[in-house]
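See below for the structure under consideration.
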Amino acid sequence: MTRTNRSLPIFLSLVFLAIFASQTTAQETKTKWEVQSDHWYVIEIADVKAGWMNAQTLTDGERFKTITSTKLSIGRGGVTIEITMESTFIETGDGKPIEMTSRQNMSRMVIDQQWKFLDDKVLHVSRQGGRIITKQLSMPEGEWFTPLAAERYIAEQIEAGKMEISYRMLTSEQGIRPVGITMTYVGDDLFDNEQISYTVTVWTTENDVLPIDGREMFTSEGLLVYSELDAQFGRMVTRLSTETEAKAKDDQGEVPELMVSTFIKPDKAIDRPHETKTARIRLRAKKGKLPEIPSAGAQRVEDDPDSEGDSGGGGVILTINIDDNLDAEDGDAENDDFLEPSMIIDSSDPLVKKYARRYARRAGKNVFDRAEALRKFVHKHISKKGLATAFASASETVRMRTGDCSEHGVLLAALLRADGIPARITTGLVYAESFGGEKDIFGWHMWTQALIDGKWVDFDATLPVRYSAAHVLTGTSSLAEGIGSTELSSLLVLLGNLEIEVLEVGYGNDDNGHERDTPQAQTQPDSHDNRE
């Protein structure tokens, strides 16, 4: 049986800088599994070798198991992060799912997840630090494939000479949400990689998770030998190789830099960004069309048909007023995902609950005041602010007291939920006067929104103030699906693909009730922003 591997979940994880590692559960270790196929791949990002991937298929005579192991080295503002991942899927010979298991090592604490497929339900069990969360989920609707069933289907369609192949499949990185993929035939080619040479068919690919087209090469037996995603911040490639080549270290010791390369220099600088109360900002896509930018919280979005980039894709105008929040969407207040604990936003952790009670109680009964008290607590509690942590859970962060914007956002969301306040994570950009060796830039960022009196209100625990108008919101998520949330997938098409024009900013009223001056472009002092 051939072995394909979809690189989609891996690169989605890279964007959120998480560390994934999946493995079979303990009860599987007694079973003797025989290896049927074993393939090694080199992974490159922006033409720099990032690491390797190993894809295996095993069988015990009745069941089949697919395992994909990956090791990557990624640069974040001069800090190198080692990322390891592994995903496992067990199924029958006719494609009936039995079990997915996942071990996610975000930083120091391990998250184990298991999906057991029953007749019409899926039992999902998550474990971290002695805590267990059990959920009964509905079986995914519609027609979809397990990994090996998808491989067989692709091989059959290629053999039949199909020009377009569409299917949906499950992966452990995306949980029980099937990923829809469409392949379109381009032509035949020769894949020649020194010791490896295959005649291949070439396909363009589209999927319903990442808004980025890909390119893949398959042998006549359905073996994936090459996969490419042309992201704006750099081409991401997975190519078949030997184990020796895959594990060989880069002679120059170079790693792909995924943070500094995505900074955006606006048309003008913003003075005193933390003090901004209102703003009007124009966004354009350098290439293609902008994905939908949300109107939520303090941000309102309107089309700007007169603003066209080189591609003619147009742009949008953002109007931001941090004291005028939009109504939440229908159903948000009843959505349990914004209140229930998850493996990342683990609001049921005893220490998280303890701090939530202590600091919210001191603020009194007003919900806004309680939320702001928790934000201030997180700002002070995370005393070691830096980029070395990839994506830690709230329970880990509250103990380790270290992290960057993602740890601040996740911990605050957990504290809010522990206090009974619905909360979600937001992603976007924040203006920094100085960060990562660059000045006057917008950098990718994460913060928190709390549902208060029917409105989503923004809280940024990395700042000394609640929020500022120097933020651009691009996505929101409950993180119920984990860091690979499809709600945040539009982020990838925006990285390295945005232009920002600052139209105006305001600072509210002074002590005499007069509107403060709106600054123009000017040279900024060499100061340090509080965003980590």
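Quick one: 3J(HN,Hα) in Hz for the stretch 316-331, Karplus 6.51/-1.76/1.60 with θ = phi - 60°, rounded, Gly and Pro as x.
Whole-Hz 3J(HN,Hα) from phi for the stretch 316-331: 9, 10, 9, 10, 10, 9, 6, 9, 9, 9, 6, 5, 5, 6, 4, x.
For the peptides 321-330, 173-182, what is the packing order when you average, over each peptide's residues, the other Cβ atoms within 10 Å and list the highest mean first?
Peptide ranking by packing, descending: 173-182, 321-330.
What's the Cα-based Rg to Rh of the stretch 239-381, Rh via Kirkwood?
Computed over Cα atoms, the ratio is 1.09.
How large is ³J(HN,Hα) for each residue in the stretch 334-350, as worked out from phi by the Karplus curve 6.51 cos²θ - 1.76 cosθ + 1.60 (θ = phi - 60°), to whole Hz, x for Gly and Pro?
Values, residue by residue: 9, 7, 5, 4, 8, 10, 6, x, 10, 5, 8, 8, 8, 6, 7, 4, x Hz.
Once phi is turned into θ = phi - 60°, what whole-Hz ³J(HN,Hα) does the Karplus curve with 6.51, -1.76 and 1.60 give for every residue of the stretch 409-414, x standing for Gly and Pro?
Values, residue by residue: x, 5, 5, 5, 4, 5 Hz.
Can you give me the distance in nm between label points at Asp369 and Arg300, each placed 7 Å from the Cα along the Cα-to-Cβ direction?
3.0 nm
Rounded to the nearest whole Å³, what is the per residue volume of the convex hull around the Cα atoms of the stretch 80-202?
Expressed per residue, the convex hull around the Cα atoms of the stretch 80-202 is 160 Å³.
Output the peptides 255-261, 164-170 sorted from most to least packed, where packing is the average of other Cβ atoms within 10 Å over each peptide's residues.
255-261, 164-170
So, by mean Cβ neighbours within 10 angstrom, what's the order for 293-300, 271-278, 239-246 with the highest one leading?
My ranking of the peptides, most packed first, is 293-300, 271-278, 239-246.
Listing Ile45, Ile133, Ile264 from the residue with the fewest other Cβ atoms within 10 Å to the one with the most, what is the order?
Lowest count first: Ile133, Ile264, Ile45.
Provide Rg and Dmax in Å for the stretch 263-506, with only Cα atoms included in the calculation.
In order Rg, Dmax, the Cα atoms of the stretch 263-506 give 17.4, 54 Å.
Could you name the lysines in cross-link range of Lys135, using Cα to Cα under 25 Å and dropping any fewer than eight places away on the same chain?
Lys65, Lys96, Lys116, Lys121, Lys353, Lys354
For the stretch 263-506, what proportion of DSSP beta bridges, expressed in % and rounded to the nearest 5, is antiparallel?
95 percent
How do Lys289, Lys71 rank when sorted from fewest to most other Cβ atoms within 10 Å of their own Cβ?
Listed from fewest to most nearby Cβ atoms, that is Lys289, Lys71.
Check the straight Cα-Cα distances from Lys286 and name the lysines below 25 Å, setting aside those fewer than 8 residues away within the same chain.
Qualifying lysines at Cα under 25 Å: Lys265, Lys268, Lys439.
Laboratory data are not the source of any read-out in this text; all were calculated from the coordinates shown. This is a predicted model, so every value here is computed, not measured. For neighbour counting, all protein chains shown are included, and Cβ atoms are generated from backbone atoms with ideal geometry for every residue, glycine included.
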